[in-house]
1. Given points 7 Å out from each Cα along the Cα-Cβ axis, report the Lys358 to Ser452 separation in nanometres with one decimal.
2. To the nearest 0.05, how large is the calculated FRET efficiency for Glu107 and Val70 if R₀ is 25 Å and r is the Cβ-Cβ distance?
3. For region 1-106, what is Rg from Cα atoms divided by 2.2 N^0.38 Å, rounded to two decimals?
4. For region 389-458 and region 34-88, compute the distance between their C-alpha centroids and round to whole Å.
5. Can you sort Arg443, Arg366 by how many other beta carbons sit within 10 Å, fewest first?
6. What's the local net charge at Ala196, with K and R +1, D and E -1, over the other residues with C-beta under 10 Å away?
7. Cross-link list Lys50/Lys358; Lys71/Lys144; Lys71/Lys365; Lys71/Lys331: which exceed 23 angstrom alpha carbon to alpha carbon?
8. Taking every eigenvalue of the Cα gyration tensor of region 70-132, multiplying by 5 and rooting it, what semi-axes result, largest first, whole Å?
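Readers should treat all values here as calculations from the given coordinates under stated rules, not as data from a laboratory. Here the structure is a predicted model, which is why all the values come from computation and not from measurement. Glycine gets a Cβ as well: all are built from the backbone with ideal geometry, and neighbour counts include every protein chain shown.
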Amino acid sequence: MLDLCVTNCRLDTTDEKVSLGIQDGKIVSIKKSVQKLPSEPDEIIDVKGKLVLPGLIDAHVHFRDPGLTVKENFFTGSAAAAAGGFTTVLDMPNTIPPTNTPRAFHEKMKIGGKRSLVDFGLHAGVADLSDIKDIAKYKPASFKIFMDLVDDDFLLEAFIKINGVQSNSLNGTQDHTPNGSQYQLRDNHPLISLHAEDPEVVQQYTKEMKKKGSDPELYALARPPQAEIEATRKALSLAGKFKQSIHFCHVSTKKSLKLIIQAKNSGLNVTSEITPHHLFLDSNYLKKYGNLAKTNPPLRDDQNRLNMNYLPQIDIIGTDHAPHTLEEKEKDVWNAPPGIPGIETILPLLLTQLNQGKLSVGGIKRLLCETPAKIFSIPYKGFIAEGMDADLVVVDLEKEGVVNPDNFQSKAKYSPFKGFKTKGMPVMTLVRGKVVMEDGEIRDNQGKFVYSNTEVEY
Ligand code: DOR
Ligand code: ZN
């Protein structure tokens with residue numbers, strides 16, 4: 001007996017419609033919609049030929065819980081995720097306390113388990129290197145290193161320690177992608193995610209730019225492309241030396257992407273991410289929106305920036321959803337915090353590109369479902385296939401809108417995309433067969449930690 005059947009789904013741009021049979025939160029059958037169902041399900045949702053994608057995975061969010069909940073918390077952040085079509089998020093460790101001890105990691109697992117509406121994983125921070133082995137037992141999505149905040153010695157030691165952890169002694173990272181996909185980036189040890197900006201370059205240029213006043217445009221020059229390029233080079237060299245898998249968060253320059261691709265071609269397990277703001281905006285937005293467009297790494301000028309043309313060379317889109325209060329953003333450019341909320345706007349922005357013929361359905365699935373699931377070894381996510389979790393987002397490709405931050409579920413009601421016209425919108429989000437968003441309305445749900453059923457005692 002099926003719990004739910006989602007009928008008349010289009011899984012791509014062809015006319016074929018299928019019915020997805022769902023039981024205990026998993027997709028158990030995919031049948032042509034004209035066929036008679038094997039048994040009468042408890043519930044039927046007829047999506048009437050709308051496009052249905054695997055629930056999106058955001059590998060880069062800052063939900064600020066615990067400690068910074070004035071900006072966001074796991075409930076509001078995950079509501080924003082559901083509104084944006086996301087069913088899995090991987091949360092960053094720069095909370096208070098930071099997620100860089102086994103205890104803090106376990107505490108955040110509990111917070112997410114209690115408050116998150118969507119499924120979640122956690123990136124771990126790196127502080128006391130002797131904690132790494134114990135944190136690894138909880139299966140972090142990655143160990144995140146903010147290169148702009150550490151020196152070379154620490155970076156080297158962190159690579160050595162993380163590289164020394166054998167993940168097959170941690171119940172392994174089995175491949176739960178369909179067809180037993182061979183793609184397994186996590187080799188034998190945990191993944192390292194990097195915020196690649198060189199601290200010395202940042203310090204030097206920031207000092208220079210502070211002398212010039214406080215125009216928000218100066219921020220782009222205070223953390224120049226060279227900072228990212230230097231750090232990328234350094235990280236690639238360490239990855240090569242230790243045969244360590246690394247993932248670059250928010251790649252923002254042509255040159256650093258080129259270095260990453262060269263390293264990939266030479267056989268390194270290295271992957272790249274772009275944010276919606278680095279994809280669609282340039283540094284002129286700092287002039288237009290001031291600190292609301294302030295982010296690290298900063299928006300780039302035309303000569304250095306990436307854009308839609310580079311998307312085929314990039315592995316994933318991570319929103320770097322980084323909410324702050326408007327009050328904080330009103331400070332001068334050197335004191336306002338960097339960060340842009342983006343989890344509610346990326347899908348409409350990409351569907352607009354799809355409607356304009358600049359992106360395919362397959363492209364969206366690759367960047368926001370399949371490859372994030374593979375890079376971060378997220379079990380049963382990222383694909384619509386039998387045996388996978390019934391995480392789905394139903395899309396109305398005709399629905400037009402205008403980005404209006406007042407309507408965000410996120411606490412951060414600002415966006416440099418304000419006023420952008422969009423065509424294509426998520427209209428329903430299901431997490432393991434449960435509707436968590438319908439026509440913008442959020443429904444309660446209990447999200448779960450994606451990496452384990454195995455409770456690790458601490
Ligand atoms: O713009 C950013 N905001 N970059 C970061 O690295 C951190 C993030 C935040 O937490 O606000
Ligand atoms: Zn971030």
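1. In this crude spin-label approximation the distance works out to 4.3 nm.
2. Rounded to the nearest 0.05, the efficiency is 0.85.
3. On the way: Rg = 18.8 Å, N = 106, 2.2 N^0.38 = 12.9 Å.
Scaled against compact globular proteins, the figure is 1.45.
4. 5
5. Working: Arg443 14, Arg366 20.
In increasing order of surrounding Cβ atoms, one gets Arg443, Arg366.
6. That sum, taken over residues with Cβ under 10 Å, equals -3.
7. Among Lys50/Lys358; Lys71/Lys144; Lys71/Lys365; Lys71/Lys331, the Cα-Cα distance tops 23 Å for Lys71/Lys365.
8. They are 23, 11, 10 Å, listed largest first.
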